[in-house]
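FYI, it's all coordinate maths here, none of it is from the lab. None of these values were measured; they are calculated from a predicted model. No Cβ is skipped: glycine too gets one built from the backbone with ideal geometry, and neighbour counts run over all protein chains shown.
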Amino acid sequence: MIKEYYRPKTVSEAERLFAETDKKVVPLGGGSVLSRSKQDDLCVVDLQELGLNRIEAVGQKLTIGATTTLQQLLDADPIPAVLREVIKKSATLNIRNQATVAGYVVSAGGRAPLAIALMALDAQLVWHPHQNLQPIGDWFSLRRPQGFWISEIQLNLNIELSYEQVARTPMDQPILALALARWRSGRVRVVAGGFGKSPVLAFDGLEDGGVLEAVKNALSDSGDEWASTEYRMDVGQVMVRRILDKAASGL
Ligand SMILES: Cc1cc2nc3c(=O)[nH]c(=O)nc-3n(C[C@H](O)[C@H](O)[C@H](O)COP(=O)(O)OP(=O)(O)OC[C@H]3O[C@@H](n4cnc5c(N)ncnc54)[C@H](O)[C@@H]3O)c2cc1C
């Protein structure tokens, strides 16, 4: 339950609140997770009036403000078609209208499609107040904040993304998902998800020769109540071939 609620109008006002040491304050995005929290002493700083809900493309760099909702992101011009499809799979319209990009990333588990795709794209989180840059993969493996709150998420638009998932229904969270990002330099990055607490980096290298084996390794301990390790490894091999074909044909 939320015990104290603050809605600062300026960044410096927010900073003062976060710096107060006698209470533990946490950032509030859309509140879809926090408003359901069972913790009874929550002090929240609502970031919605700080003007962070903007999306900017400068050259090939895309900057997504932390309080941009998933639906605003889906509707934004510079968002590539594949990423749009991934956002649609990530949550229903109601949740997309409420949830912010930063709140989504912070609370995402291993089955969150947009988190899997952003990690393949090697997106960077910018933490306030010192503008510390954190690769999203480091966030998912360590879950260690690099500041008070995420002010924006940066990614490069000059990367081709391919995404595949298997789920019980189109709007279900995936049982297995693979995202493959390919840079013009030849760098290939593959992230697996659909299980566990966070997406898993399966491959990051030049050329895609070792992807099949790398994904097999990444899935070697993926069994849970939704699917066995053997199932994921079998289906994973088919998905790798499909996603490599897609990536080769530029889909
Ligand atoms: C009914 C329901 C259905 C859902 N279905 C799906 C689904 O199908 N697939 C799926 O992937 N997810 C699903 N979710 C999860 C949903 O995507 C998350 O609840 C949502 O993205 C969280 O965003 P928020 O802005 O509301 O976060 P909040 O509730 O505001 O915050 C969540 C966490 O993020 C932190 N946080 C927020 N903003 C920042 C910031 N700027 N910097 C640092 N930390 C921050 C908060 O302190 C908190 O720890 C569902 C949630 C609900 C309630």
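For residue 20 and residue 107, a Förster radius of 22 Å and the Cβ-Cβ distance give a FRET efficiency of 0.40, rounded to the nearest 0.05. Exactly which trypsin sites (Lys or Arg not before Pro) in the range 84-153 are in a DSSP loop and have at most 11 other Cβ atoms within 10 Å? Here the sparse-neighbourhood loop sites are 143. The stretch between residue 157 and residue 234 holds 24.5 nm of extra length on full extension. This uses 0.36 nm per residue minus the Cα-Cα distance. In order along the range 29-36, the Karplus-derived 3J(HN,Hα) couplings, from 6.51 cos²θ - 1.76 cosθ + 1.60 at θ = phi - 60°, round to x, x, x, 5, 9, 4, 5, 9 Hz, and Gly and Pro are given as x. Taken over the C-alpha atoms, the range 148-217 has Rg and Dmax values of 13.9, 41 angstrom. A DSSP coil position with no more than 15 other Cβ atoms inside 10 Å describes the following trypsin sites (Lys or Arg not before Pro) in the range 150-247: 168, 184, 197. Sorted ascending by nearby beta carbons within 10 Å, beginning with the fewest, 212, 93, 62, 118 become 93, 212, 62, 118. Once each of the GluC sites (Glu not before Pro) sitting in a DSSP loop with at most 15 other beta-carbon atoms within 10 Å is removed, the chain keeps 50-206 as its longest stretch. Can you work out the PRE-style zone for residue 183? Point 7 Å along Cα to Cβ, and I want the residues of the range 106-147 with backbone N under 12 Å. Once the point is set 7 Å along Cα→Cβ of residue 183, 121-123 turn out to lie under 12 Å by backbone N, inside the range 106-147. Spherically averaged projected area of the convex hull of Cα atoms, the range 62-142: 5.2 nm².
In order along the range 174-190, the phi-based Karplus estimate (6.51 cos²θ - 1.76 cosθ + 1.60, θ = phi - 60°) of 3J(HN,Hα) comes to x, 8, 8, 9, 10, 10, 10, 10, 10, 8, 4, 5, x, 5, 10, 10, 10 Hz; Gly and Pro are listed as x. The Kirkwood hydrodynamic radius of the chain, based on inverse pair distances between different Cα atoms, is 18.7 Å.
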